[in-house]
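Note sheet for the following structure.
The values are calculated or read from the model by the stated rules, or taken from the named source; none is laboratory data. Only a predicted model underlies this, so the values are computations on that prediction, with no experimental measurement involved. In case anyone asks, the SASA skips ligands and DNA or RNA and just uses the protein heavy atoms, side chains included. Shrake-Rupley method; radii C 1.70, N 1.55, O 1.52, S 1.80 Å.
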Amino acid sequence: MSWLGRFLRRPPALARDDAAALAAYRAQAQPDLNAALSAQRVVVVDVESSGLDPHHDRLISVAGIAMRGGLVRLDESFEAVLRQEQASDDRNILVHGIGGSAQVGGRDPAGALCGFLAFAGKDPLIAFHADFDRILIERATTSVLRMKPENAWLDLALLAPALFPDRAQSARVLDDWLGVFGIENHARHDALADALATAQLLLAALAAAEWAGLPAWADLARLQKDQRWLAASGRVV
């Protein structure tokens, strides 16, 4: 292996607290994905980025809120703005409202990402258009921490149409689905506010899933796989 390869594989130098948080994350056992989600802790995630391409744009902020025992836990939340070398452009700032000074003065990326992993643990992660959030988070942790989180993900953008097919034609984006259930979002495109609104949508989805006999992550993962296939084949109901 070349010296460059050894360097790229070398663990990053982390502050003591961050290194401890990362080690604790790695030591955690995986949750039982066959247990009912309503009886587990899950984390609803949202991110803000420098653009709409998760493979090339930068992670600017990440937020999460926990659900435990079928309840949204307002006392279990996390939010961090990652320090940027250069702020995103003005049009992007108008979307998420994180100004240039807040971006360049944000939290050390390693500390922010270790903090997120410590908060989330290895509990299932759920988001609306989850691949976008997952890719941005994985690219950031790969770059900064030389690792990818091991969490299982679910995508409400795929599950909601499958669980509420009568609404699928008129409800497409997150705002549509929030409107279906009368969920208010006081600060759209704020990562934590969006995570809270998505968590409320998840409550409705989990209730419908349990009624349909799909209580566990594994059940919803199969439903999500089927819905992804339908979407790819153009057969979404």
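Structural remarks
- For the stretch 50-64, 3J(HN,Hα) computed residue by residue from phi via the Karplus equation (6.51, -1.76, 1.60; θ = phi - 60°) reads 7, x, 9, 10, x, 7, 10, 7, 9, 6, 9, 9, 9, 9, x Hz, glycine and proline entered as x.
- Other-chain or far-sequence residues with amide H under 5 Å of R83's (modelled H): G106, R107, D108
- With all protein chains in place and ligands, DNA and RNA left out, the 1.4 Å accessible area ranks R91, R228 as R91, R228, largest first.
- Cα-based shape type of the stretch 9-102, given that a ≥ b ≥ c are square roots of the gyration tensor eigenvalues and the cut on a/c is 1.5: oblate
- Averaging the sequence gap over all C-alpha pairs within less than 8 Å and six or more residues apart, then dividing by the number of residues, gives the chain a relative contact order of 24 percent.
- For the chain, modelled as a GNM whose springs connect Cα atoms under 10 angstrom apart, the maximal fluctuation among A120, A204, A29 occurs at A29.
- GNM result for the chain, Cα springs below 10 Å: residue of A15, A140, A127 fluctuating most strongly: A15
- For A216, the residues 5 or more places off, or on other chains, whose built amide H falls under 5 Å of its own are L37.
- Per residue, the accessible area of the stretch 64-105 comes to 59 Å² when a 1.4 Å probe rolls over the protein heavy atoms.
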